[in-house]
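Trainee: Sharing a structure here in structure tokens format.
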Amino acid sequence: MSAALGLYRLQQVDSQMDQIRGRLKAIQETLQNDGELRAAMDAFSASENEFKAAERGFKSTEADVEKQRIKIERAESSLYGGQVHNPKELQDLQLDVASLKKYLATLENLELEAMGVLENAEKATQASKAQLERVQADKSIQYNDLTKESETLQKEIERLDSERKAIMSGIPQPSALTYDSLRAQKRGVAITTVSDSACAACGTTLTPSQQQSARSTSQLFACPTCGRIVYAN
């Protein structure tokens, strides 16, 4: 087997491995950094915080209303309990009760508003929780599929690695070093072929003599333009 043919086969294996590694990287990023799931979790967390804040607000207004009612009960008890007989004091108590009841009406309106905010926050929390559960269920299926795919690809990498070692055993070290250097320089593609009398990588037309050199079994021929090794069978 010529060095050029050996390197061509090596390039095919390496290209497959590069593609698989790219897919494995994409799978890993999906498993670790899922934007949709993170967004659903953030939305649920935000709505839950809003619900807790609304709940605290409602309980606060509820407590204020209860305190105000107690004040009114005490004032009315003094007013109607028969303990106060002075007309002026009775008049003052009547004014106090009226004022307390007026403020109670204000507090009760605030309580109703707080209740409305709480109900809306509860609905939003339930909706965001349901959305999160839907996303989690979908992702669970997707993650299982991706995990299985990853395992299959890892096995394929192992198979190709064994094939690569077998090919490498038949390639002279200088040729292997040239190949590795070109791979690093040419974005992973060190070997190309002849297509319609031209370099398949860059499109440079090759003379008949150059094409013959590309078929040589004794030496490697590099494209005069892109510098890649050209293999022609």
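Coordinate-derived values only; no laboratory data. The structure presented is a predicted model; accordingly, all values stated were derived computationally and were not measured. No Cβ is skipped: glycine too gets one built from the backbone with ideal geometry, and neighbour counts run over all protein chains shown.
Trainee: Can you compute the charge dipole magnitude of the stretch 11-68 about its Cα centre, using +1 on each Lys and Arg Cβ and -1 on each Asp and Glu Cβ, nothing else charged? Give it in debye, rounded to the nearest 20.
Mentor: 160
Trainee: Highest first, please rank the peptides 55-65, 165-175 by the mean number of other Cβ atoms sitting within 10 Å of their residues.
Mentor: 55-65, 165-175
Trainee: Taking the Cβ of Ala4 as the center, what net charge do the other residues with Cβ under 12 Å away carry, scoring Lys and Arg +1 and Asp and Glu -1?
Mentor: +3
Trainee: Quick check: Cα centre of the stretch 46-96 to Cα centre of the stretch 170-228, how many Å?
Mentor: 93
Trainee: Quick one: plug the Kirkwood hydrodynamic radius of the chain (C-alpha pairs) into Stokes-Einstein at 20 °C, 1.002 mPa s, and report D in µm²/s.
Mentor: It diffuses with D of about 84 µm²/s by this estimate.
Trainee: Positive end of the charge dipole of the chain (Lys, Arg +1 and Asp, Glu -1 on Cβ, about the Cα centre): tell me which of Tyr143, Thr217, Leu100 has its Cα farthest that way.
Mentor: Thr217
Trainee: If you don't mind, there's one more thing I want to ask. Among all the aspartates and glutamates, which ones have a C-alpha under 13 Å from Lys148's C-alpha, if same-chain residues fewer than 8 places away are not counted?
Mentor: Glu156
Trainee: Related question: Counting Lys +1, Arg +1, Asp -1, Glu -1, what net charge surrounds Glu163 among other residues with beta carbon under 15 Å of its beta carbon?
Mentor: That sum, taken over residues with Cβ under 15 Å, equals 0.
Trainee: Where in the chain are the helices, taken as whole DSSP H runs, whose Cα atoms extend 20 angstrom or more along the long axis and whose Kyte-Doolittle mean reaches at least -1.0?
Mentor: 3-32, 35-80, 87-168
Trainee: Calculate for the chain the 222 nm mean residue ellipticity that helices alone would give, adding -39,500 (n - 2.57) per DSSP H run of length 4 or more and normalising by residue count, nearest 500 deg cm²/dmol.
Mentor: -28000 deg cm²/dmol
Trainee: Roughly how many debye, to the nearest 20, is the charge dipole of the stretch 12-168 about its Cα centre, given +1 on each Lys and Arg Cβ, -1 on each Asp and Glu Cβ, and no other charges?
Mentor: I would put it at about 160 debye.
Trainee: Report the extension gain between Leu112 and Ser162 in nm, rounded to one decimal, defined as 0.36 nm multiplied by the number of residues separating them, less their alpha carbon distance.
Mentor: Contour length minus the Cα-Cα distance gives 10.6 nm.
Trainee: With a ≥ b ≥ c the root eigenvalues of the C-alpha gyration tensor of the stretch 173-231, is it rounded (a/c under 1.5), prolate (a/b larger than b/c) or oblate?
Mentor: Oblate is the answer for the stretch 173-231, as a/c is 1.5 or above yet b/c matches or exceeds a/b.
Trainee: Given a cut-off of under 8 Å on Cα pairs at least six residues apart, what relative contact order in percent is computed for the stretch 122-233?
Mentor: Value for the stretch 122-233: 16 percent.
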